[in-house]
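Peer 1: After the structure tokens below, expect a handful of questions from me.
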Amino acid sequence: MTPPLPDEARFRLLVENIGDVLWFKELNPARFTYVSPAFERIWGRSVAELQRKPGLWEEGIHPEDRPAVRQALRAWFSGEKADYEVHYRVIGKKGEVRWLADRGIILGRKNGKPYQIGGIARDITEREAADASRKRLAAVVENSDDAIITLDLDGVIQTWNAGAERIFQYSAKEAVGRNVAFLRPLEAADDEAVFRRHIRQGKRIDHYETHRVRKDGRVIDISVSISPLNDSAGRITGFSKISRDITQRNVDRRMFHQLLESAPDGFVILNAEGVVRMANARTEVLFGLPRKKIIGAPFEALLPAEDRHRFTACRREFLRQPGRSEKFRGMHLNGLQRRGGPFPMEISLSQVETPEGPIIIIDITDITERKEAEQTIRELNAELEQRVQERTAALTEQIAARLRLEEELLNISEREQRRIGQDLHDDLGQQLAGAWMMADVLQRTLEADKSPRHAEAKKIGGLLQKALAHTRGLARGLHPVAPEQGGFAKALETLAAQSGELFRVKCVFECEEAPPIDDEAISTHLYRIAQEAVSNAVKHGAAKKVRIQLTRAALTITDNGSGLRGPLQSEGMGMRIMRYRAEMAGGTLSVRNGRQGVIVTCQFHPTTHHAEKTAAKRRARQKARPHRR
């Protein structure tokens, strides 16, 4: 037989195996004389560490709780309070938080002041958690919009929350202690007795819809959920009741059904298997069937055979992709009218999740009139298109005729200019050359004879020489480009010199690399563009400096004149002819304002005899185009 332990040993064994922290402490100097092992579990520090460093006790207390602990100790030591009792949180070494209820006593005094104290710090974490849970639950109950009440098995009200006061308009003082039957309308059946019978059997009641009377006498719709309440031994002692005011919801539901019934479109509601659960009045009209034959049948039964499989596949895909409802709006199918046969309809699908599973709402629109209108519009569009084509052909022919006329006018102008230039060179030029030579011979003869008239003869010769030079210049202007005269670049250089002399402006010509143009027609078109641009710069822009630049693929004329007054909304004949010439040269023309003055640029990429080929193609297209009158 084991001998009994001494009292001190039994006490130490008890203290070291309880969950509370037993502590003894001296105050001056501060040191713990004894701390039970539960300290190590809660603080996460060894007792030896605490004895070496007494401040570890306070360091482990939650920072938010330290001021309250210090205040409690000061009030205790000063005699303001006879006892020391405080609740605080301790943060363990690993971050875990525990609640403690710390109580202490004074074990010894010196000079009237405590110098030795002791106490027990009890771990109340679970109790605090339960209290917090109860408080949260009480707050939820009190702040709930639903009426939450508890009753005994006889139906006497035990508790009555603020939600119950709002819904039924009775205060807790008025309701607690009364039998709940006072809320039942007089003409209604005694459903409370049924509730109590189910509760005694341990059954729950979920979302039961009924009616109750408020304090002001108004009857309201409510949804009731009831659960039994058990004591610690598991016996049923009463029940809780959660009542939700669904009056407005039912009003909204009735309004929804009224709107659905009066809707101009057909509406049906299907379950996930495609069976019709609800249909409105318009659906009966569309399909020519009474509602009782539509409800309970698959929606595919309302479609022709060729559309049934398509709708089934569509419905299944829709249920798999509920987030892409826009894909299933405005779908066209044919409906089957009982007496009239198939008719076109447009359907849109939407999905609603319910406790019983997803349901599909289908909006059905008869688009027979729309289809007829679309057909009429297509016919009118076809007729309009035909008329537009005819009018376009006529306008095209008119434009082609005008272009042919412009081309012919330009050709005539070029031919006439060349003829006049040739006549000036071959006829008048030769005659002036002969007269100048005769005047030169006469001047020399008179000078040899020492006649005083030889000076007049010399003057006449000079005038004839100038007239001959002017005549040759005019001839070159009218027939500017000739291979034997140096080609296109030489013609532009001459144009710059003549323009500078004629208009009394500074006109310069720059050529980085002459383009390989062996087509006299292209050279002539480009020359006329430069000639017109220089003339416009001086006449309309009052330019004092003009530069003609020629590169391998561009001709650019810039000036320092006043520039364009505004956008070229309407072009004159000169501008149209310049654009036409650019096209004939195989290029494009742009006219824009620069930093100062106007920049005219013709971009071209000509091939050999391009102008003749372009004109031939235009004439071929015009001949091949049908004539409509």
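Peer 1: Just the number please: accessible area per residue for the chain, 1.4 Å probe, all protein chains included, in Å².
Peer 2: It amounts to 60 Å² per residue over the chain.
Peer 1: Can you tell which of Gln596, Pro37, Ala530 lies farthest toward the positive end of the dipole of the chain, using +1 and -1 charges on the Cβ of basic and acidic side chains (Lys, Arg; Asp, Glu)?
Peer 2: Positive-end residue among those listed: Gln596.
Peer 1: Right, another one. Normalising by the residue count of region 226-360, find the relative contact order in percent from Cα pairs under 8 Å and 6+ residues apart. Show your work: numbers first, answer last.
Peer 2: Working: 169 pairs, mean separation 22.7, N = 135.
Averaging sequence separation for qualifying contacts and normalising by length gives 17 percent for region 226-360.
Peer 1: Just to be sure I understand: of the beta bridges DSSP finds with both ends in the chain, what percent are antiparallel, rounded to 5? Could the numbers behind the result be given before it?
Peer 2: Details: 99 of 105 bridges.
If we restrict to bridges inside the chain, about 95 percent are antiparallel.
Peer 1: Leaving out ligands, DNA and RNA, what percent of the accessible area of region 241-355 is carbon and sulfur, probe 1.4 Å?
Peer 2: 54 percent
Peer 1: Okay, next question. Where in region 287-303 is the amide nitrogen less than 16 Å from a point lying 7 Å along the Cα-to-Cβ axis of Val275?
Peer 2: 292-302
Peer 1: Over region 152-231, with every protein chain in place, what whole percent of the accessible area is carbon and sulfur at 1.4 Å, could you tell me? Can you show the working numbers first?
Peer 2: Working: 2130 of 4300 Å².
Here it works out to 50 percent.
Peer 1: Within 10 Å of each candidate Cβ there may be at most 16 other Cβ atoms; applying that plus a DSSP loop requirement, which trypsin sites (Lys or Arg not before Pro) in region 52-118 survive?
Peer 2: Lys81, Lys93, Lys94
Peer 1: A further question on this structure: Give the peptides 234-246, 548-560 in descending order of average Cβ contacts within 10 Å, highest first.
Peer 2: For the peptides 234-246, 548-560, the packing ranking is 548-560, 234-246.
Peer 1: Could you tell me which of the pairs Lys25/Lys113; Lys53/Lys94; Lys292/Lys371; Lys459/Lys506 are separated by over 22 angstrom between their Cα atoms in the structure shown?
Peer 2: Where the Cα-Cα span goes over 22 Å, the pairs concerned are Lys292/Lys371; Lys459/Lys506.
Peer 1: Okay, next question. Can you classify the chain as rounded, prolate or oblate using the Cα gyration tensor, where a ≥ b ≥ c are the square roots of its eigenvalues, rounded means a/c under 1.5, and otherwise it's prolate if a/b beats b/c and oblate if not?
Peer 2: It comes out oblate by the Cα gyration axes.
Peer 1: Rounded to whole Å, give me the distance from the Cα center of region 153-183 to that of region 103-148.
Peer 2: Using only Cα atoms to place each centre, the spacing works out to 33 Å.
Peer 1: Given a 1.4 angstrom probe, I'd like the percentage of the accessible area of region 25-87 that is carbon and sulfur, rounded to a whole number.
Peer 2: Values: 1710 of 3640 Å².
Percent of accessible area from carbon and sulfur atoms in region 25-87: 47.
Peer 1: While we're looking at this one, here's another question. From the Cα gyration tensor of region 177-283, with a ≥ b ≥ c the square roots of its eigenvalues, which class applies: rounded if a/c is under 1.5, or else prolate if a/b is larger than b/c, or else oblate?
Peer 2: Taking the square roots of the gyration eigenvalues as a ≥ b ≥ c, region 177-283 is oblate.
Peer 1: Name the longest site-free stretch of the chain, where the excluded sites are GluC sites (Glu not before Pro) in a DSSP loop with no more than 13 other beta-carbon atoms within 10 Å.
Peer 2: 357-511
Peer 1: Give me the percent relative contact order of the chain, please, defined on Cα pairs under 8 angstrom at least 6 residues apart.
Peer 2: This gives 5 percent for the chain.
Peer 1: Decide, for region 79-189, between rounded, prolate and oblate: order the square roots of the alpha carbon gyration tensor eigenvalues as a ≥ b ≥ c, take rounded if a/c falls under 1.5, and otherwise choose prolate if a/b is larger than b/c, else oblate.
Peer 2: The shape class here is prolate.
Peer 1: Identify all aspartates and glutamates with a Cα-Cα distance to Lys327 below 12 Å; exclude those on the same chain that are fewer than 8 residues away in sequence.
Peer 2: Glu317
The values are calculated or read from the model by the stated rules, or taken from the named source; none is laboratory data. Note that the structure is a prediction, hence the values are computed from the model and not measured. Don't worry about glycine lacking a Cβ; one is built from the backbone with ideal geometry, like all the others, and counts go over all protein chains shown. Side chains are part of the model used for accessible areas, which takes the heavy atoms of the whole protein and leaves out ligands, DNA and RNA. Shrake-Rupley method; radii C 1.70, N 1.55, O 1.52, S 1.80 Å.
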